[in-house]
Amino acid sequence: MAQHTAPPHKVNLGPGFWPVAIGLSVFNLIGAYVIATWDVSGFLPEAATPAGDIDFLFKFMAVFGNAIFVYVTGFVVYFSIVWRRRASDAPDAIGIQVHDSPRLEFWWTAIPAILVVILAVLSVKIWANLQQTAGDVLTMESIGHQFKYEFRYPTLKQSVYDDMHIPVDTPITLHVTSADVIHSFWVPEVRLKYDMVPGLVQTLRFTPKKTGAYRIICTEFCGTNHGQMLAAMHIDTPAQFQQWLGKQAQTQNQGNGPVALSGGNAATGQQLFGQKCASCHNAQGGFNATKVGPGLGQLANDPAHPMLVTGEKPDADGISHILIKGYQGADMSSGKNGPSLSVMPNRQANGLSNGDIANLTAYLLSLSHKKS
Ligand code: CUA
């Protein structure tokens with residue numbers, strides 16, 4: 001049986017359509033007002049310049065998102081009640097067929113298209129501002145490691161780990177990358193986030209405006225201790241920053257004397273191992289007792305691995321060299337999960353003093369000698 005589907009002369013929208021539409025419009029306006037006047041900075045401080053722009057963009061999108069949510073869900077609920085199937089309807093009844101409403105189709109295409117163009121222009125404009133700030137007064141680098149952040153400053157010979165310091169009101173250019181797996185660098189109070197990707201350098205630009213300490217959070221799952229990969233961004237006054245920088249330079253110059261290994265204390269080393277090494281290394285079992293790195297229980301007494309990964313002898317000197325310099329190797333193919341890049345952070349990354357290195361070396365040697 002042919003169906004007649006001529007354009008309707010009069011569309012029946014259902015009883016109460018216009019009052020419902022007015023009610024939804026009131027909801028929409030209240031929502032838009034709440035979003036537009038919401039003080040985001042009271043909830044999450046704006047610690048640096050792009051934060052305000054990004055909040056504006058977020059609110060702009062949220063106002064239109066709110067309208068779409070209110071009208072779409074509102075009318076879905078309304079129509080499903082008004083045009084529900086009734087018990088009196090014939091079993092094969094079909095609803096009113098509406099075809100060809102060029103006016104309606106024009107507007108439901110044109111309005112979203114215009115909105116998307118406005119959003120695109122606004123987003124690109126803010127993004128371009130982020131990329132092209134006037135001056136790079138302090139240019140620095142951050143490198144993600146399992147599971148900490150490394151920071152490089154132009155005036156410091158060595159890296160700084162865990163917490164970063166920057167002076168207020170100073171345009172910062174921060175290049176970020178990773179030494180091992182994908183991490184991310186996110187400071188909610190600055191509203192900026194970039195993934196830290198091995199082999200790729202990405203640039204964040206911002207100008208800190210509010211002194212204080214803010215969280216740096218890794219938001220990319222990067223291994224067992226991903227959840228603890230947190231650091232602080234300290235926004236200092238220029239005087240505080242210079243003081244901090246001076247102190248860093250001083251301790252870096254002091255820490256470079258030769259390490260005396262003979263005075264190492266294995267018991268102290270064991271405690272230190274728990275704090276600094278145990279998230280990546282087992283203290284029991286041989287090389288193949290892999291966690292993130294190899295097991296170290298038979299480091300100096302393992303017939304299958306007579307030499308360290310560096311090719312050095314597994315004695316106090318060889319072990320201490322890895323603790324000092326760290327290690328970056330091709331793969332640990334005997335690991336459970338197949339070949340992987342093995343990266344062991346150096347002494348600065350692990351925050352090891354000369355005494356710490358002596359104690360850890362003594363502890364690691366004592367493990368192997370117990371087994372023999
Ligand atoms: Cu680094 Cu998650």
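A compact table of results
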read-out	value
Likely footprinting exposure, ILE216, ILE182, ILE81, fewest C-beta neighbours within 10 Å first	ILE81, ILE182, ILE216
Summed side-chain charge close to ALA231 - residues other than ALA231 whose Cβ falls under 9 Å, Lys, Arg +1, Asp, Glu -1	0
Antiparallel DSSP beta bridges within the range 129-203, percent to nearest 5	65 percent
Cα centroid separation, the range 49-72 to the range 169-227 (Å)	24 Å
In Å, descending, principal axis extents of the Cα set of the chain	98, 56, 30
TRP127-ALA93 pseudo-label distance in nm [points 7 Å out on the Cα-to-Cβ vector]	5.1 nm
Value of [θ]222 nm, deg cm²/dmol, for the chain, DSSP H segments ≥ 4, -39500 (n - 2.57) each, nearest 500	-13500 deg cm²/dmol
Ascending count of other beta-carbon atoms within 10 Å, so fewest first, for CYS218, CYS277	CYS277, CYS218
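Just so you know, all these numbers are worked out from the coordinates, no wet-lab data involved. The structure displayed is predicted, hence computed values, not measured ones. Glycine also receives a Cβ, built like all others from the backbone with ideal geometry; neighbour counts cover every protein chain displayed.
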